[in-house]
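First comes the structure, then the notes that go with it.
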Amino acid sequence: RPFPLRQEGLPLNKRIPLRLAALGAALCLLLAGCAGGPEPEVTPTPEPTASAAPAPETSEFILACYPQAGFHPITGGNRTNLSLGGLMYEGLFALDQQFEVSQVLCDRYTASEDGLTWTFTLRSGVTFSDGSPLTSAEVVASLESARTSTLYSARFTDIGAITAGEGTVTITLTRANASLPALLDIPIVKETGGTPLGTGPYVLTGSGSDLSLTANGSWWQGEALPVDTIPLLAIQEADDLIHAFDTKEISLVSTDLTATNALGFSGSFNTLDYPTSTMVYVGFNTASGPCADAGVRKALLRAFDRESVSTAIFSRHAQPAALPIHPGASLYHQDQASALSYSSQAVAEALTAAGWTATDSGWVNGRQTLSLELVVSAENADRVSAAQHLVNGLNDLGIQATLTKLDWDAYVSALQSGKFDLYLGEVRLTADFDLTPLITAGGALNYGGYSDAQATQLLQTYRATSGQSRDLSARQLYARLAEEPPFAVICFKNWSVLTQWNAVSNMTPTQQNLFFQFAYWEIGQ
């Protein structure tokens with residue numbers, strides 16, 4: 001079955017082979033299944049232990065590519081080729097592993113008082129790899145191309161007009177967003193009719209299956225690169241990628257080791273995880289059933305052992321989180337998260353406050369026994385295991401809970417029709433961690449029928465607020481979501497870079513750019 005093409009804000013109902021999958025897509029609903037039908041499970045190779053003997057190393061830094069799939073960084077669909085884009089293209093901004101924004105092709109920017117009009121001044125002296133200067137026209141053309149692309153379209157929900165000025169680009173929003181720069185790490189290109197030109201450190205050279213990345217002599221940053229030329233090994237399918245890495249023909253690969261159809265790599269290798277904005281959560285049916293009671297939902301926030309899911313189920317390829325923002329981000333407040341941590345005593349106190357009484361047969365309220373059904377898509381073994389783990393934990397707390405595993409179509413139907421108490425979901429948020437699709441009335445991912453005017457207003461205030469006030473607005477939003485919960489955050493997933501022993505060091509990969517700060521990498525010889 002296909003690997004998920006991650007699209008921002010939309011449920012995934014199809015998978016395509018790895019050679020067609022996209023890296024760095026921005027907001028997508030993976031939910032708990034991510035496929036249209038059963039998929040063969042490939043168990044990822046366990047990470048090597050410290051005692052594993054290093055294997056002989058290749059002396060050359062070589063990467064894989066799919067020549068026939070194309071290399072367009074905006075409209076392309078091949079995940080491996082898209083990852084190479086980080087070496088050839090740059091955006092107005094870049095995000096680090098803490099999702100903090102830095103300026104790249106943008107020299108400075110201003111926003112109007114109402115936060116709706118942004119003007120970005122381009123950095124002077126920047127050229128494409130053919131020596132031609134970067135212009136505002138190319139920036140506008142790249143952003144307009146991204147607006148209609150599978151990878152980036154959902155970032156433009158609140159973006160109206162994009163216009164070019166003399167060395168500037170102006171973006172007009174339909175709704176204020178103080179984190180707009182976090183959405184503008186989109187590659188800026190110069191179209192050529194084939195592989196577009198970029199402003200990054202390398203340029204694609206060669207033809208057919210004889211391709212390389214060659215140092216861009218026009219690179220405006222001018223920093224020394226760890227290698228002048230990176231040969232590209234041409235492959236045609238996922239099995240070729242596995243074989244090339246296992247036989248040490250290529251130096252590294254990037255993969256989601258908890259994916260439904262995770263590739264199985266053998267031998268010994270280094271594994272480096274990097275953070276993503278993919279949030280795993282338990283959604284509540286707030287419109288009917290026991291979870292229509294906010295008191296029950298508040299109790300459930302304390303009922304899930306997030307640490308054990310991240311370590312035991314996802315093999316540490318996830319970071320436990322209780323707030324709907326990555327725990328590495330500056331606005332993740334540990335004190336608020338700690339107040340939502342697993343506690344059997346807190347669960348009992350919350351249920352008691354909500355009018356429930358503990359009995360030998362479970363929690364009861366009058367003639368009603370607290371009984372919950374959690375639904376999960378059966379396509380992914382790790383997510384099914386996580387769901388079962390969560391259900392077992394609820395039963396240990398005296399809450400009667402059952403797990404229902406559904407094929408993808410039945411799972412989506414259950415969510416759309418509200419036939420669940422709880423569901424295990426997975427969503428790739430945009431880098432501004434916008435919760436609009438999840439908590440607003442009519443939101444594309446608001447399957448639980450959540451409606452809270454105060455939370456909606458706090459979300460908009462948070463989105464519009466900048467500077468020192470932003471921290472306070474974030475606290476207020478997360479406090480309200482703890483008081484009237486729409487869902488319970490479990491963790492944020494990691495992706496992994498696998499490298500040959502001692503081949504690379506000082507890597508700082510990010511969700512959008514596997515080769516982030518490549519000039520500082522050390523390539524083993």
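The values are calculated or read from the model by the stated rules, or taken from the named source; none is laboratory data. Quick caveat, the model's predicted, so the values are computed rather than measured. Note that we place each Cβ from the backbone using ideal geometry, even for glycine, and neighbour counts take in every protein chain shown. Note: areas computed on protein heavy atoms with side chains; ligands, DNA, RNA excluded. Shrake-Rupley method; radii C 1.70, N 1.55, O 1.52, S 1.80 Å.
Calculate what fraction, in whole %, of the accessible area of the chain sits on carbon and sulfur atoms when a 1.4 Å probe is rolled over the protein chains.
Values: 9670 of 19790 Å².
Of the solvent-accessible surface of the chain, carbon and sulfur hold 49 percent.
What's the Cα-based Rg to Rh of the stretch 230-322, Rh via Kirkwood? Each step should come with its number before you reach the end.
Working: Rg = 19.7 Å, Rh = 16.8 Å.
In the stretch 230-322, Rg relative to Rh is 1.17.
Can you run phi through the Karplus equation (6.51, -1.76, 1.60; θ = phi - 60°) for the stretch 95-105 and list ³J(HN,Hα) in whole Hz, with x for Gly and Pro?
Running phi through 6.51 cos²θ - 1.76 cosθ + 1.60 with θ = phi - 60° gives 10, 8, 6, 9, 6, 8, 8, 10, 7, 10, 7 Hz.
If you average 1/r over every pair of different alpha-carbon atoms in the stretch 204-257 and take one over that average, what Kirkwood value in Å do you get?
Values: mean 1/r = 0.0759 Å⁻¹.
One over the average 1/r among Cα pairs gives 13.2 Å for the stretch 204-257.
Sort out for me the Cα centre separation of the stretch 335-408 from the stretch 90-123, rounded to whole Å.
43 Å
Ranked highest first by the average count of other Cβ atoms within 10 Å around their residues, in what order do 120-127, 431-438 fall?
Working: 120-127: 17.4, 431-438: 23.1.
Descending mean neighbour count gives 431-438, 120-127.
How large is the dipole of the stretch 250-328 about the Cα centre if only Lys and Arg carry +1 and Asp and Glu carry -1, each at its Cβ, rounded to the nearest 20 debye? It would help to have the intermediate numbers written out before the result.
On the way: 5 positive and 5 negative charges, 41 e Å.
Using only the charged Cβ atoms, the result is roughly 200 debye.
Where does the stretch 393-525 land on the Kirkwood hydrodynamic radius, alpha-carbon pairs, in angstrom?
Details: mean 1/r = 0.0537 Å⁻¹.
Mean inverse Cα-Cα distance, inverted, gives 18.6 Å.
Could you give the angle, 0 to 90 degrees to the nearest 10, between helix 469-483's Cα long axis and the longest principal axis of the Cα atoms of the chain?
40 degrees
Return, for the Cα atoms of the chain, the radius of gyration and Dmax in Å, separated by a comma.
Spelled out, the Cα radius of gyration and Dmax of the chain are 23.7, 77 Å.
Relative to the longest principal axis of the C-alpha atoms of the chain, give the angle of the C-alpha long axis of helix 453-464, reported between 0 and 90° and rounded to the nearest 10°.
20 degrees
What lysines does K405 reach when the alpha-carbon gap must be under 23 Å and sequence neighbours fewer than 8 apart in one chain are set aside?
By straight Cα distance, K405 reaches K14, K419, K493.
Using +1 at the Cβ of each Lys and Arg and -1 at the Cβ of each Asp and Glu in the chain, identify which of Y423, P320, V296 lies farthest towards the dipole's positive end.
Looking along the dipole axis, the top candidate is V296.
Using Cα centres only, tell me the gap between the stretch 410-442 and the stretch 180-255 in whole Å.
The stretch 410-442 and the stretch 180-255 have Cα centres separated by 35 Å.
How do M279, M507 stack up against each other in accessible area, from largest to smallest, with a 1.4 angstrom probe? Please list the in-between numbers first.
On the way: M279 0, M507 30 Å².
Final ranking, largest accessible area leading: M507, M279.
For every other residue with a beta carbon closer than 10 angstrom to the beta carbon of T402, add +1 if it is Lys or Arg and -1 if Asp or Glu, then tell me the sum.
Details: positive: none; negative: E373, D421.
Residues near T402 contribute -2 overall.
Work through the residues other than A519 whose Cβ is under 14 Å from its Cβ and net out their charges, Lys, Arg +1 and Asp, Glu -1.
Combined, the nearby Lys, Arg, Asp and Glu give -4.
May I ask you to evaluate 6.51 cos²θ - 1.76 cosθ + 1.60, the Karplus curve with θ = phi - 60°, for each residue of the stretch 399-411 and list the ³J(HN,Hα) values in order in whole Hz, giving x for glycine and proline?
Using θ = phi - 60°, the values come out as 9, 5, 9, 10, 10, 10, 9, 10, 5, 4, 4, 5, 4 Hz.
Quick one: which residues, 5 or more positions from I490 or on another chain, have an amide H under 5 Å from its amide H? H modelled 1.01 Å from N in the peptide plane, none for Pro or chain starts.
Amide H neighbours of I490: V280, Y281, V282.
What is the set of long-range amide H partners of I188 at a cut-off below 5 Å, with H atoms built 1.01 Å from backbone N?
E90, G91
State in Å² the accessible area per residue of the chain; use a 1.4 Å probe, count heavy atoms of protein chains only, and round to the nearest integer.
Values: 19790 Å² over 525 residues.
Spelled out: the 1.4 Å probe surface of the chain, per residue, equals 38 Å².
Could you give each residue of the stretch 497-502 its phi-based ³J(HN,Hα) in whole Hz, using Karplus coefficients 6.51, -1.76, 1.60 with θ = phi - 60°, and x for Gly or Pro?
9, 9, 10, 5, 4, 6
For A161, project a label point 7 Å along Cα to C-beta. Then give me every residue of the stretch 138-154 with its amide nitrogen under 19 Å of that point.
Hits in the stretch 138-154 for A161 at 19 Å: 138-145, 147.
Ranking request for peptides 220-232, 451-463: highest mean number of other beta-carbon atoms within 10 Å first, then the rest in descending order.
Numbers: 220-232: 15.0, 451-463: 17.9.
Ranked by mean Cβ neighbours within 10 Å, highest first: 451-463, 220-232.
Helix 381-396: angle to the longest alpha-carbon principal axis of the chain, degrees 0 to 90, nearest 10?
The answer is roughly 30 degrees.
Please list T255, T402 in order of solvent-accessible area, largest first, computed with a 1.4 Å probe with all protein chains present.
Values: T255 5, T402 75 Å².
Of T255, T402, the descending order of accessible area is T402, T255.
Amide H neighbours of D273 under 5 Å, counting only residues 5+ apart in sequence or on other chains, H built in-plane at 1.01 Å?
V497
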